[in-house]
1. Scan the stretch 361-382 for residues that are under 23 Å from the mean Cα position of the chain (by Cα) and not charged (D, E, K, R) and jot them down.
2. When you go through LYS315, LYS294 one by one, which is the residue that is under 22 Å from ASP197 (Cβ atoms) and touching a strand residue (DSSP E or B) at 6+ places or on another chain (Cβ under 9 Å)?
3. If the requirement is being of a type in the set (A, V, I, L, M), part of a strand (DSSP E or B), within 23 Å of ALA19 (Cα to Cα) and modelled with pLDDT of 95 or more, which of these qualifies: LEU96, LEU104?
4. Which of (1) within 27 Å of the chain's Cα centre (by Cα); (2) surrounded by fewer than 16 Cβ atoms within 10 Å (Cβ to Cβ); (3) modelled with pLDDT under 95; (4) not aromatic (Phe, Trp, Tyr) is the odd one out, the single condition ILE281 does not satisfy?
5. Any residue at all in the stretch 305-326 that's assigned to a strand (DSSP E or B), modelled with pLDDT of 95 or more and among the β-branched types (Val, Ile, Thr)?
6. If I filter the stretch 258-267 for residues that are more than 29 Å from SER130 (Cα to Cα) and either surrounded by 19 or more Cβ atoms within 10 Å (Cβ to Cβ) or of a type in the set (Asp, Glu) (or both), do I get at least one hit?
7. Based on what the data block shows, is LYS239 surrounded by fewer than 18 Cβ atoms within 10 Å (Cβ to Cβ), outside any loop (DSSP other than H, G, I, E, B) and either touching a Pro at 6+ places or on another chain (Cβ under 6 Å) or in contact (Cβ under 8 Å) with a residue 40 or more places away in the chain (or both)?
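The values are calculated or read from the model by the stated rules, or taken from the named source; none is laboratory data. All values reported here derive from a predicted model rather than from experimental measurement. Ideal geometry is used to build each Cβ from the backbone, glycine not excepted, and the neighbour counts take in all protein chains shown.
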Amino acid sequence: MKKILTIIGARPQIIKAAALSRAIKTKFADQVTEIIVHTGQHYDDNMSEIFFEELDIPHPNYNLNVGSGSHGKQTASMIEGIEEILLREKPNCIVLYGDTNSTLAGAVAASKIGTPIIHIEAGLRSFNKSMPEEINRIMCDHVSTLLFSPTKAGYQNLISEGFKEEQQPPYSIDHPKVYHCGDVMYDNSLYFSQLADEKTNVLEKNQLSSGQFILATIHRNNNTDEPERLNSLFSAMHKIANANKIKIIIPLHPRTAKLLAKNLSSELYSLVKTSGYIKIISPVSFLEMISLEKNALMVMTDSGGVQKEAFFFKKPCIILRSETEWIELKNCGAAKLADADEERIMEAYTYFSKKQQLEFPDLFGNGKAAEFICEEILKQIN
């Protein structure tokens, strides 16, 4: 029986981990024991509990409850807690997702004591090292033993950084193996799509009709905390909504919602608050988010995960950042980079609203990435 230790710390990681936990439960229960550690990096009792119940994820065996703080303080607390658990549990490997401080902390703790690291979502690059996430993902990749990239571009990034394509076992931190395996989030979107239709009423609750609204999400600090960028984003959305008489629904974290009053100009804030077309709501559950994505006309977002989910459900996406790790979406024409540039956002909306046919090629695997990852862990990790 192999023991794996899974680290989660933010809502997207809880969702990603659901795919692997589901694969273990349905296909590998007699071969794999999973220990789940929640760092508490982003922790809200209500939201996290909803996620675990809604997605049928095993509850964490440990919660470090580190809370928010500076990058250094938060990461240091997590390294200390994860190291103690690794020494106590002695797993065969540690599984890390994505690019958060929890990912970095797990990578540092495990690599220092010789626990093999499995990195899911390896090889993604924005080529912008001013992003903390870019530092986290690079550091994690370069101490991992098995690296699972969801895309060909991610795989090629790893090869460009010196990882060997024809590496032979046994694999180790000094002799790692890289894979192009497909995306666990695609696994999840396929699995939860029908469930979203059955279990949510988010459209009815918000008086939305399928194909008659735009879904927008904004959460990155440089968008929420910089008044100039936030004003550009909301000015563009207000003009698009009013000129085209189309609703824009924006699930906003309470912190971000409070920043609107502080960072938007008084005139724009008043226009947004009184608009009949812009609807700001509280954060939604994962299934509600899937329902919104499936039924939206278009998506505007600064979230990497939402960019992909828009693609999974064949929705054009306006990316509210200057770069994206998911370059395939831009290259195939399904997404456009607009940054927080009012004019570019409006141009992207006009382009997609007039475009009759978009291509959504098969980029993210066959929906069985988690099963493949489990099989390789069993095969390659002692």
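1. Within the stretch 361-382, PRO361, LEU363, PHE364, GLY365, ASN366, GLY367, ALA369, ALA370, PHE372, ILE373, CYS374, ILE377 qualify.
2. The match here is LYS315.
3. Being of a type in the set (A, V, I, L, M), part of a strand (DSSP E or B), within 23 Å of ALA19 (Cα to Cα) and modelled with pLDDT of 95 or more holds for just one of LEU96, LEU104, which is LEU96.
4. (3)
5. Looking through the stretch 305-326, at least one residue is assigned to a strand (DSSP E or B), modelled with pLDDT of 95 or more and among the β-branched types (Val, Ile, Thr).
6. Yes, the stretch 258-267 has at least one match.
7. yes
Conditions tested, residue by residue: (1) over 18 Å from the mean Cα position of the chain (by Cα); (2) at pLDDT below 90; (3) outside any helix (DSSP H, G or I); (4) surrounded by fewer than 20 Cβ atoms within 10 Å (Cβ to Cβ).
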| residue | (1), (2), (3), (4) |
| --- | --- |
| ILE7 | no, no, yes, no |
| ILE15 | no, yes, no, no |
| ALA19 | no, no, no, no |
| PRO58 | yes, yes, yes, yes |
